[in-house]
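Every read-out reported here was derived from the displayed coordinates using simple, explicitly stated rules and does not represent laboratory data. Note that this is a predicted model, so its numbers are computed, not measured. Cβ sites come from the backbone with ideal geometry, for glycine too, and all protein chains shown count toward neighbours.
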Amino acid sequence: MSASPLIEKCCLIGPRVSGDPTHFMIERAFESAELDWRFLSFECGPNRLDEALRGAAALGFRGVKLAEAFRGAAAAMIEAIPGALLSDAARFSGSVGCLAERDGVLVGEDFEGQAVLRAALAHGPIDGRRAVLLGAGRAARSIGLALAQQGALLLVAEPDIEPAERLAEDLRGAVPNAQIEAGGYDEGDELALDPTTAVVVRPAEISEKTVSPAWIDFATLRPGMVVIDATLESVRTGLLRESAARGAVGVEGVTLLALETAMTLEAWTGVKVDPAVLADAAEEFLGL
């Protein structure tokens, strides 16, 4: 904890924050936990992000939340800031979702993959079970690491086989004895899911408007599969609608946002926050 007599403060930094539910969620969480902390939201352009991060460190912010658009760029800047470093997960993923002050050091953390893992584990174990990760981008690195560390039999599916193979190789290097495959398929085709698949994950960076890898063969969805779609939308995505129609268990983006924010708050304050409080706040803000 900080020795400062001032009220503790945290913030969100992003290119656009007016439509982001983070501020509303965190203020609701502070109120629920009876924490006399303050939360601020700041907009800045990508060319000012380094200055914004250094300013937050210099001004003694206990925590910083990064909008999705800044997570990759922030990871490349953190360790150049005096008194700041990256967690192992953030270094692997090349992504920082938040900074948390620990013993006078600001640590760049990545909880994106852990949020997906917690969502999956809420519906059963995944150790030794097949998981399909759609895409091989920034968020996929975070999610793939968390799933591999939990012992999932992971398929990284991407139309272009080369990014999928690079991520699979990186994951094998980071998680010894992990069972990771890379799968490529022609753009415009649909990915058929193995009947033994337990978990399917679509990261938020894979837009529903994107030609594959957003699309899978919906006919291969099965009852009991857990389909996690990180897309934060005001309506249920097509993937989740099709999953529900076939008896699969759907997990929406708002659930992942709540889980990740709960972990962020615990890193900042040391206090556990019920993700349901955060999910309710997010839904209220977004009008869901």
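Can you tell me the 0 to 90 degree angle between the C-alpha axis of helix 112-121 and the longest principal axis of the chain, rounded to 10? Around 50 degrees separate the two axes.
Could you calculate the FRET efficiency of SER18 with LEU85 from 1/(1 + (r/R0)^6), where r is the beta carbon distance between them and R0 is 30 Å, rounded to 0.05?
Rounded to the nearest 0.05, the efficiency is 0.45.
Helix 138-149 and the longest principal axis of the Cα set of the chain meet at an angle near 80°. The label point for GLU181 and the one for LEU286, both projected 7 Å from the Cα toward the Cβ, are 3.2 nm apart. Computed over the chain, the range of Cα coordinates on each principal axis works out to 58, 38, 33 Å, biggest value leading.
Computed from Cα positions, the angle between helix 275-286 and the longest principal axis of the chain comes to roughly 90 degrees. Once the chain from PHE218 to ASP194 is taken as fully extended at 0.36 nm per residue, the excess over their C-alpha distance is 7.5 nm.
The mean sequence separation of alpha-carbon pairs under 8 Å and at least six residues apart, normalised by the residue count of the range 10-149, gives a relative contact order of 20 percent.
Would you mind getting me the FRET efficiency between GLU162 and HIS123? Use the beta-carbon distance for r and R0 = 25 Å, nearest 0.05.
Result of the calculation: an efficiency of 0.15.
Modelled spin-label separation between GLU205 and ALA69, with each label point placed 7 Å from Cα along the Cα-to-Cβ direction: 1.6 nm.
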